[in-house]
1. Applying the selection to the stretch 26-40, what residues are exposed (fewer than 13 other Cβ atoms within 10 Å of the Cβ) and not in a loop (DSSP other than H, G, I, E, B)?
2. Kindly indicate the residue of the stretch 45-84 that is hydroxyl-bearing (Ser, Thr, Tyr) and more than 17 Å from Ile3 (Cβ to Cβ) and also nearest to the chain's Cα centre (by Cα) among those meeting that condition.
3. Could you please give the count of residues in the stretch 45-67 that are among the charged types (D, E, K, R) and farther than 9 Å from Val91 by Cα?
4. Pick from the stretch 16-48 the residues that are of a type in the set (A, V, I, L, M) and touching a Lys or Arg at 6+ places or on another chain (Cβ under 9 Å): which of them is farthest from Val86 (Cα to Cα)?
5. Looking at Phe51, is it farther than 19 Å from Asn82 by Cα and surrounded by 13 or more Cβ atoms within 10 Å (Cβ to Cβ)?
6. Answer yes if at least one residue in the stretch 4-22 is among the acidic types (Asp, Glu), out of contact with any Phe, Trp or Tyr (no Cβ under 6 Å at 6 or more places or on another chain) and surrounded by 14 or more Cβ atoms within 10 Å (Cβ to Cβ), and no otherwise.
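Computed from the coordinates by the stated procedures, all read-outs in this text should not be read as laboratory data. These figures come from a predicted structure and were not determined experimentally. Every residue, glycine among them, receives a Cβ derived from its backbone with ideal geometry; neighbour counts consider all protein chains shown.
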Amino acid sequence: MDIKGKVHEISPIQNVTETFKKRELIIEYAENPQYPEYIKFEALQDKVNLFDTVKVGDDVEVFFNLRGRPWTDRNGKTAYFNSLIVWRLNVLTGQGAQAPMPDYAPPVDINSAPQDDDLPF
């Protein structure tokens with residue numbers, strides 16, 4: 001799954017245990033700009049570094065997996081939780097975005113070329 005939005009907040013890396021770390025990213029998703037949604041994504045383990053180049057205000061495309069799990073409390077009541085786990089992130093605009101350098105010459109405006117050429121056709 002993927003979604004495009006604007007970075008609203010980036011958390012620091014959280015070391016949950018000695019061997020498990022995570023980081024959260026909040027995206028402002030404005031399908032309807034009058035009522036934006038704020039969606040929390042998580043990066044786990046080696047993916048926490050995906051957020052290093054991202055800045056608040058950047059437009060990004062987030063690729064993620066949807067996970068869900070039950071949790072039962074002491075009274076036997078079961079609650080269900082969903083997680084959006086990031087596996088790839090592309091910065092679309094902002095400070096983290098870098099325009100790739102083309103491997104070819106830039107296009108030329110043919111309308112600005114002189115009209116008095118010697119071509120036979």
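1. Taking the stretch 26-40 as the starting set, the residues that turn out to be exposed (fewer than 13 other Cβ atoms within 10 Å of the Cβ) are 31-35, 37-38.
Within the stretch 26-40, Glu37, Tyr38 qualify.
2. So the first thing to find is which residues in the stretch 45-84 are hydroxyl-bearing (Ser, Thr, Tyr), and the list is 53, 72, 78, 80, 83.
Adding the requirement that they be more than 17 Å from Ile3 (Cβ to Cβ) leaves 53, 72, 78, 80.
Details: Thr53: 11, Thr72: 33, Thr78: 32, Tyr80: 26 Å.
So, considering only residues that are hydroxyl-bearing (Ser, Thr, Tyr) and more than 17 Å from Ile3 (Cβ to Cβ), the one nearest to the chain's Cα centre (by Cα) is Thr53.
3. So the first thing to find is which residues in the stretch 45-67 are among the charged types (D, E, K, R), and the list is 46-47, 52, 55, 58-59, 61, 67.
With farther than 9 Å from Val91 by Cα added as a condition, the list becomes 46-47, 52, 55, 67.
The total comes to 5.
4. Taking the stretch 16-48 and keeping what is of a type in the set (A, V, I, L, M), we get 16, 25-27, 30, 39, 43-44, 48.
Imposing the further condition that a residue be touching a Lys or Arg at 6+ places or on another chain (Cβ under 9 Å) reduces the set to 16, 25-27, 30, 43-44, 48.
Working: Val16: 17, Leu25: 9, Ile26: 12, Ile27: 12, Ala30: 19, Ala43: 5, Leu44: 8, Val48: 9 Å.
Within the stretch 16-48, the match that is farthest from Val86 (Cα to Cα) is Ala30.
5. Details: farther than 19 Å from Asn82 by Cα: yes; surrounded by 13 or more Cβ atoms within 10 Å (Cβ to Cβ): yes.
Yes: the conditions hold for Phe51.
6. no
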